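Take a look at the structure below.
The values are calculated or read from the model by the stated rules, or taken from the named source; none is laboratory data. Bear in mind that the values here come from a model prediction, so they are computed numbers and not experimental data. We place every Cβ from the backbone using ideal geometry, glycine too, and count neighbours over all the protein chains shown. Areas reflect the complete protein model, heavy atoms only, side chains present, ligands, DNA and RNA absent. Shrake-Rupley method; radii C 1.70, N 1.55, O 1.52, S 1.80 Å.
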Amino acid sequence: MRNIFFEYGYKPNEIEKKVNDTFTQIFEGPSRFYFNGINDTGYFMDTGNCDARTEGMSYGMLMNVLMDRKEYFDRMWKFAMEFMYMNEGKLAGYFAWSVAPDGIKNAYGPAPDGEEFFAMALFLAGKKWGDGEGIYNYTSWAKKILHTCLHHKVPMWDNKTGYILFVPGSSFTDPSYHLMHFYHYFALWADEEDRDFWKKAENASREYLIKACNPKTGMCPEYGNFDGSPMDKVLPWGSFGDFYSDAYRTGANIGLDVLWNGKNEGFSKIADNLLNFFADINPDDYKKYKIDGTPVLQKDGTEIKALHPIGLLATLAQTSAACSEKGAEAAEKIVRRFWETPLRTGERRYYDNCLYMFAVLALSGKYCVE
């Protein structure tokens, strides 16, 4: 794995301190959002919404296996299994996407990004620590989760296209859910009968993101149609066809895919465009954008500020791993800006700082499979 921080001249001891301090602030510091739960469990609190989400739980588990912190990993996995895993109902076998800190479910539907991060974290845990009994047979549970995702009566992936769905049974996708770098390894580690599908999904997701990202700005929408166009339907909880919170993760995923699986000309173009767009914009001035780069306006004509500016900066820094020479100057500006920017504090710190931790791991060469 490349150590991009080192390539920019940061010293190994400085980089190691950056990684460890970031982890400590998230799990143990005064602005942490990890908490021990009941019955020897642990959870990430979405501090903006006061709940625990499969997104964050699976993120936390992956952080812990990458940092070799088994106690936190097992606590979070136990919380997920005791309070999120659904043993009955039409969606049995999936995880409820939102629960209260006391374990009471707020919803009985799953969010597919949680399942795919759970699976990758569990596979890596099995390889790093070995498999135990019951829920701690990590590899067995990773395979079980992926089997359920594909063979459930209401699957999480569209069999025809190979695309991950926004939720099981939906007719659209979320570009930031497309984790082709994970699918590459699912095609090696999942149930043998499903490995061809995961290879198909890996290739399909790369092709999809090249369609979904604007050819001039590199931006993608939060939700997208299967043809790559932004989701134009207004849903009961809002409109999601613009470059906003969910969508930031797509660039980071592109960067990680290049780190794991090698250069991709289409991804390099996306990365160059994104980095050049944002190179001279301060995070305080990040806005909500249409995917062509036009700021989205409120009814009174004022621009909408980014809800997660530190998260966007972090994902841009991780995107830099995919850039070509055309984006090199912008990439260095953004990575150095990211290095100098502290973790977010306050009630919205959870999402931003999850993305921050992943970027630190990726840019230090520690977000790796082997």
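Some values worked out for this structure:
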| read-out | value |
| --- | --- |
| Cα centroid separation - the range 1-60 against the range 170-202, whole Å | 26 |
| Thr294 paired with Val154, simple spin-label distance in nm, labels 7 Å along Cα-to-beta-carbon | 3.6 |
| For q = 0.11, 0.13, 0.14, 0.15 Å⁻¹, Debye-computed log10 I/I(0) when each Cα of the chain counts as one equal scatterer | -0.71, -1.04, -1.23, -1.45 |
| Accessible carbon and sulfur surface of the chain relative to its total accessible area, %, 1.4 Å | 49 |
| Evaluated over the range 216-257, the Cα radius of gyration and Dmax, each in Å | 10.9, 33 |
| Segments 257-263, 209-215 sorted - mean Cβ within 10 Å per residue, highest first | 209-215, 257-263 |
| Karplus-derived HN-Hα couplings along the range 196-212 (A = 6.51, B = -1.76, C = 1.60, θ = phi - 60°), whole Hz, x at Gly and Pro | 4, 5, 5, 5, 4, 5, 4, 5, 5, 5, 4, 5, 5, 5, 5, 6, 7 |
| Residue-averaged 222 nm ellipticity for the chain, from DSSP H runs of 4+ at -39500 (n - 2.57), nearest 500 | -14500 deg cm²/dmol |
| Sequence ranges 238-244, 167-173, ranked by mean other-Cβ count within 10 angstrom, highest first | 238-244, 167-173 |
| Per residue, the convex hull volume that the Cα atoms of the range 82-192 enclose (Å³) | 120 |
| Over the chain, relative contact order from alpha-carbon pairs under 8 Å, at least 6 apart, % | 16 |
| Under Karplus coefficients 6.51, -1.76 and 1.60, residue-wise ³J(HN,Hα) of the range 249-255 in Hz, glycine/proline x | 5, 4, x, 4, 5, 4, x |
| Restraint check, Lys70/Lys105; Lys70/Lys199; Lys143/Lys199; Lys333/Lys366, Cα-Cα greater than 19 Å | Lys70/Lys105; Lys70/Lys199; Lys333/Lys366 |
| Scaled radius of gyration (Cα, divided by 2.2 N^0.38 Å) that the range 208-326 gives | 1.02 |
| Computed P(r) (all Cα pairs; the range 134-185; 5 Å bins; percent) | 4, 19, 24, 26, 16, 8, 3, 0 |
| Note, ³J(HN,Hα) from phi for the range 221-227, Karplus 6.51, -1.76, 1.60, rounded to Hz, x at Gly and Pro | x, 5, 10, x, 6, 5, 7 |
| Per residue accessible area in Å² of the range 77-126, where ligands, DNA and RNA are left out and the probe is 1.4 Å | 32 |
| Size-normalised alpha-carbon gyration radius of the range 104-150, reference 2.2 N^0.38 Å | 1.23 |
| Accessible area per residue in Å² at 1.4 Å probe, computed on the range 133-198 | 41 |
| Under 17 Å from Lys290, Cα to Cα: lysines that are on another chain or at least 8 residues apart | Lys211, Lys216, Lys233, Lys299, Lys305 |
| Cα-Cα over 22 Å, subset of Lys127/Lys160; Lys160/Lys269; Lys153/Lys200 | Lys127/Lys160; Lys160/Lys269 |
